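Peer 1: Would you mind keeping the following structure in view while I ask a few things?
The values are calculated or read from the model by the stated rules, or taken from the named source; none is laboratory data. Everything numeric in this text was worked out from a predicted model, so none of it was measured. Positions of Cβ are backbone-derived with ideal geometry, glycine not excepted, and every protein chain shown enters the neighbour counts.
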């Protein structure tokens, strides 16, 4: 622990905590200081001026990162018959129906994403208390309740990141790994910011984006200039 604290302290010593950075500068600093013995995840956190307790202020969606997430995603699919066969061919690690429900109720949790065909949702709904807290409940709004299971599996494994505003109005997500090039990370960060901007709910009033910070798993957070970041987003 002492080595970690010392390393983080050294990184913070070279950082002006109050300065607002461009996406490029923030990525360069975070990547340079991600010096842990493992490939750290690069994470973005956005504080939004919304109250998710109100339906018209909920921010939720999915973003397809152009350069992927860098992590291996295990997909579980609830489907039967031809769709179950399709899911297996598309690369899903776990496929089932009632049997899979019972396994999950029994404690199985070796998956990162859950996809279901619409006819399976009454079954999957029984797992709400298990999947909900982990953010794994399939939802048609983010493409995980669908008949096109191949597309959903490919998106999950290819860099699709789901996001949802927490109670305090904060959205966060992993947007790559420290081993990625700066160019790849810049593109991923900007794509995610673009998705958040496009997901602005009808009930959001005033300044939508309040704060943006970028960090690595073990590194300090770097503040990003909101106006610059919004202007640099792909759709801007």
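Peer 1: Being in the same structural domain as residue 38 (by TED's automatic domain parsing), in contact (Cβ under 8 Å) with a residue 60 or more places away in the chain, in a strand (DSSP E or B) and on the phi > 0 side of the Ramachandran plot narrows it down to one of 206, 176, so name that one. Walk me through how you get there before you give the answer.
Peer 2: Working: 206 fails: in a strand (DSSP E or B).
Unique residue meeting the criteria: 176.
Peer 1: Does residue 53 qualify as being touching a residue at least 40 places away in the same chain (Cβ under 8 Å) and within 21 Å of residue 140 (Cα to Cα)?
Peer 2: Values: touching a residue at least 40 places away in the same chain (Cβ under 8 Å): yes; within 21 Å of residue 140 (Cα to Cα): yes.
Considered against the rule, which asks whether it is touching a residue at least 40 places away in the same chain (Cβ under 8 Å) and within 21 Å of residue 140 (Cα to Cα), residue 53 comes out as yes.
Peer 1: Between 45, 28, 36, which is modelled with pLDDT under 95 and either in the same structural domain as residue 211 (by TED's automatic domain parsing) or in a helix (DSSP H, G or I) (or both)? Step through it out loud before you land on a result.
Peer 2: Details: 45 fails: modelled with pLDDT under 95; 28 fails: modelled with pLDDT under 95.
Going through 45, 28, 36 in turn, just one is modelled with pLDDT under 95 and either in the same structural domain as residue 211 (by TED's automatic domain parsing) or in a helix (DSSP H, G or I) (or both): 36.
Peer 1: Going by what's in this entry, would residue 39 be described as surrounded by 14 or more Cβ atoms within 10 Å (Cβ to Cβ) and closer than 12 Å to residue 224 by Cα? Walk me through how you get there before you give the answer.
Peer 2: Working: surrounded by 14 or more Cβ atoms within 10 Å (Cβ to Cβ): yes; closer than 12 Å to residue 224 by Cα: no.
Judged against the criteria, residue 39 is not a match.
Peer 1: Can you tell me which residues in the range 198-219 are surrounded by fewer than 19 Cβ atoms within 10 Å (Cβ to Cβ) and more than 24 Å from residue 52 (Cα to Cα)?
Peer 2: Residues satisfying the conditions are 217, 218.
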